[in-house]
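Read the structure below first, then the notes.
The values are calculated or read from the model by the stated rules, or taken from the named source; none is laboratory data. Everything quoted here is computed from the prediction, not taken from an experiment. Note: ideal-geometry Cβ built from the backbone for every residue, glycine included; neighbour counts use all protein chains shown.
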Amino acid sequence: MSVIKNLLEKPARWLTDDGEENEMVLSCRVRLARNLDKRPFTHTAQPKFLSEIRDEIRSALAGTDSMKGAIYVDMDDTPESDRMVLAERRLISYELVKNFKSRALVVEPGEKMSVMVNEEDHLRLQSVEPGLSMQHAYERVDRLDDELDGRLNFAFSEKVGYLTACTTNVGTGLRVSAMVHLPGLVHKKDIQQIIDGLRHVRLTVRGTYGEGSDFMGNFFQISNTITLGLSEVDTVKNLEAHVRKVLEFEKKARNVLLDKARSLLEDKIWRAYGILKTARLLTTKEAMGLISAVRLGVGLGIITDVKLPDLNEMLIMIQPMHLQRLYSRSMAPEERDRARADYMRAKLGAGDA
Amino acid sequence: MLCQVCKKREATIHFTNVVDSKVEKIHICPQCAEEKGFDYLKKSNFAMGDLVAGLLDSALSDAEADEGKGRCPNCHRSYDSFKKIGRLGCSNCYDFFQEQLIPLLSSIHGNTRHRGKVPKRFRDRVNADRRVLELEEELSRTIACEKYERAAELRDEIKRLRNDTEGGDTVCQ
């Protein structure tokens, strides 16, 4: 499908644009959950209602300035492999890969703003920005929400706010998250303490790019847990304040590591760089770990010939469906390990690639 | 075997659903199956569990039609089905199951009142409500420090705001 092809031609802007604290923060994401009043929620709606809801949302979105020039992707016409590409690019959830009937995605070409239609809620307005930028990301999604208010009749209660299919999102329907890279805290073994502290203030920490509790590549996603009783602005400010504190700890941890174990740290970083430039087989997990080490090297000024945006793009490209698209064929896992290693060598300008 | 929905025609479609390791069997005739959207089930890989649970609910709702309670009048879902799948049927469920939901919301969020954004059509009303809440808090503080003159002012202001917001609905004021 040509829409997917267009998206694949260049990396998403949130990966390549400059952002505050971007050596530790990859991106910030904001989503608002909204539903149409009195209509059955997605999981209970009959197919014909679902497509009605989808079409209504589509025409409402078409009239907004925020989504001017956006691309409409009908999931019914999108094969599974393309839906996987969209999921790997964080544009849709794996839920939408699986349940795609009468679902849709509306996305602006830079991929910073998008709307999932008929996921768990009728609308999931999403905004992603590079670096520590959750306020900006919230402002954008808030503007789109304002534009839609009136065009669509959102389900709302004066007592409990915006009504969502799951009670964990009711109220603001707002989820704000920052994707942070914390190798310093992991190496110093302080990470568990930080995670426990964040949980204590009702924030959620997840390892990203890995399922469940596996903190692959030292990337973590920190997000708000509660949506009821706190305003949107306070939710965003609160999360930002805590993330800034975590970044302070990460900076300190990096300095301690440099002070006390400089040679060890440099050795680890240069070895990782060497493997990425020469390996012939790389699993996703191994590649993630190595990219993480190189990213730390770039952040500390040890490695200077690799740019952060390139490392960000690699995190997306080494995923299974993106690799298969890059090499235009379907591959078994072992073949993908080979392709992943080839891609990394080419990307890092290794002599033989 | 008779169809468990209409209880008239012969059931020719038999379906087994497993929820939380409990096995539930559905026997249904083709007409009712079509009415309930069951034929769609066979053709797609839609979230089967969800839809079947919904089908069970609507089948049951026919049987329980006389009772007519315990189900959201808008989407005909029961609180039990919410407990099973963790998602409510429609926005009206929040109103209908309010009593059960409030303690749940309190345990999830530590709060039961929305303090965030409000859609345009609710804005005036909610702002007035929020103002009343603020004034009521101030009122109890003023009474605590025995500033009765101020308390009287606040009471009047609260009364005025209450009348404003309820004006549209109440006949006698």
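Once region A:306-329 is narrowed to residues that are touching a residue at least 12 places away in the same chain (Cβ under 8 Å) and not in a helix (DSSP H, G or I), the residue that is surrounded by the fewest Cβ atoms within 10 Å (Cβ to Cβ) is A:Tyr327.
Exactly one residue out of B:Glu149, B:Glu166 is at pLDDT below 90 and either more than 14 Å from chain A (Cβ to nearest Cβ) or closer than 16 Å to A:Tyr162 by Cα (or both): that is B:Glu149.
Do we find that A:Glu9 is under 26 Å from the mean Cα position of the chain (by Cα) and away from chain B (no Cβ under 12 Å) in this structure?
Considered against the rule, which asks whether it is under 26 Å from the mean Cα position of the chain (by Cα) and away from chain B (no Cβ under 12 Å), A:Glu9 comes out as yes.
Could you tell me whether region B:95-114 includes any residue that is farther than 17 Å from A:Leu228 by Cα, more than 20 Å from the chain's Cα centre (by Cα) and in a helix (DSSP H, G or I)? Looking through region B:95-114, none of the residues is farther than 17 Å from A:Leu228 by Cα, more than 20 Å from the chain's Cα centre (by Cα) and in a helix (DSSP H, G or I).
Does A:Asp146 satisfy the criteria of being surrounded by fewer than 20 Cβ atoms within 10 Å (Cβ to Cβ), under 25 Å from A:Met67 (Cα atoms) and free of Cβ contacts under 8 Å to residues at least 12 places away in the same chain? Against the criterion (surrounded by fewer than 20 Cβ atoms within 10 Å (Cβ to Cβ), under 25 Å from A:Met67 (Cα atoms) and free of Cβ contacts under 8 Å to residues at least 12 places away in the same chain), A:Asp146 qualifies. Scanning region B:81-92 for residues that are more than 9 Å from the chain's Cα centre (by Cα) and within 14 Å of B:Leu104 (Cβ to Cβ) yields B:Phe82, B:Lys83, B:Gly86, B:Arg87.
Here's the yes/no breakdown for (1) aliphatic (A, V, I, L, M); (2) touching a residue at least 12 places away in the same chain (Cβ under 8 Å):
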position	(1), (2)
A:Lys251	no, yes
A:Lys260	no, no
A:Leu281	yes, yes
A:Ala287	yes, yes
A:Ser292	no, yes
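Any residue at all in region B:109-125 that is farther than 29 Å from A:Val236 by Cβ and among the β-branched types (Val, Ile, Thr)? No: zero hits. Taking region A:217-237 only, how many residues are surrounded by fewer than 17 Cβ atoms within 10 Å (Cβ to Cβ) and either assigned to a helix (DSSP H, G or I) or away from chain B (no Cβ under 14 Å) (or both)? The qualifying residues number 3.
Just one of (1) touching a Lys or Arg at 6+ places or on another chain (Cβ under 9 Å); (2) loosely packed, with under 14 Cβ neighbours inside 10 Å; (3) of a type in the set (A, V, I, L, M) fails for A:Val256. It is (2). A search for C-beta distances below 9 Å between a residue of region A:42-70 that is within 14 Å of chain B (Cβ to nearest Cβ) and any residue that is surrounded by fewer than 15 Cβ atoms within 10 Å (Cβ to Cβ) and outside any loop (DSSP other than H, G, I, E, B), counting only pairs 6+ apart in sequence or on different chains, returns A:Ser51/A:Asp76. Of the residues contained in region A:12-22, none is found to be within 14 Å of chain B (Cβ to nearest Cβ) and surrounded by 15 or more Cβ atoms within 10 Å (Cβ to Cβ).
Count of region A:45-59 residues, restricted to those that are crowded, with 18+ Cβ neighbours inside 10 Å and closer than 14 Å to A:Val115 by Cα, is 3.
Residues are listed down the side, and each one gets a yes or a no for (1) more than 7 Å from chain B (Cβ to nearest Cβ); (2) over 24 Å from B:Gln100 (Cβ atoms); (3) among the acidic types (Asp, Glu):
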site	(1), (2), (3)
A:Glu158	no, no, yes
A:Cys166	no, no, no
A:Thr172	no, no, no
A:Ala178	yes, yes, no
A:Gly184	yes, yes, no
A:Lys189	yes, yes, no
A:Gly197	yes, yes, no
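Could you please give the count of residues in region B:93-107 that are closer than 12 Å to B:Phe82 by Cα and touching a residue at least 24 places away in the same chain (Cβ under 8 Å)? Qualifying residue count for the region: 1. Within region A:23-43, if we keep just the residues that are among the charged types (D, E, K, R) and either in contact with a Lys or Arg (Cβ under 7 Å, 6 or more places away or on another chain) or closer than 22 Å to A:Leu163 by Cβ (or both), the residue that is surrounded by the fewest Cβ atoms within 10 Å (Cβ to Cβ) turns out to be A:Lys38.
For region B:109-121, the condition holds for at least one residue, the condition being that it is out of contact with any Asp or Glu (no Cβ under 7 Å at 6 or more places or on another chain), closer than 30 Å to A:Gly150 by Cβ, of a type in the set (Val, Ile, Thr) and within 9 Å of chain A (Cβ to nearest Cβ). Counting only strands (runs of 3 or more DSSP E) wholly contained in region A:58-171, the ones carrying 1 or more residues that are under 17 Å from the mean Cα position of the chain (by Cα) occupy A:104-107, A:113-117, A:123-130.
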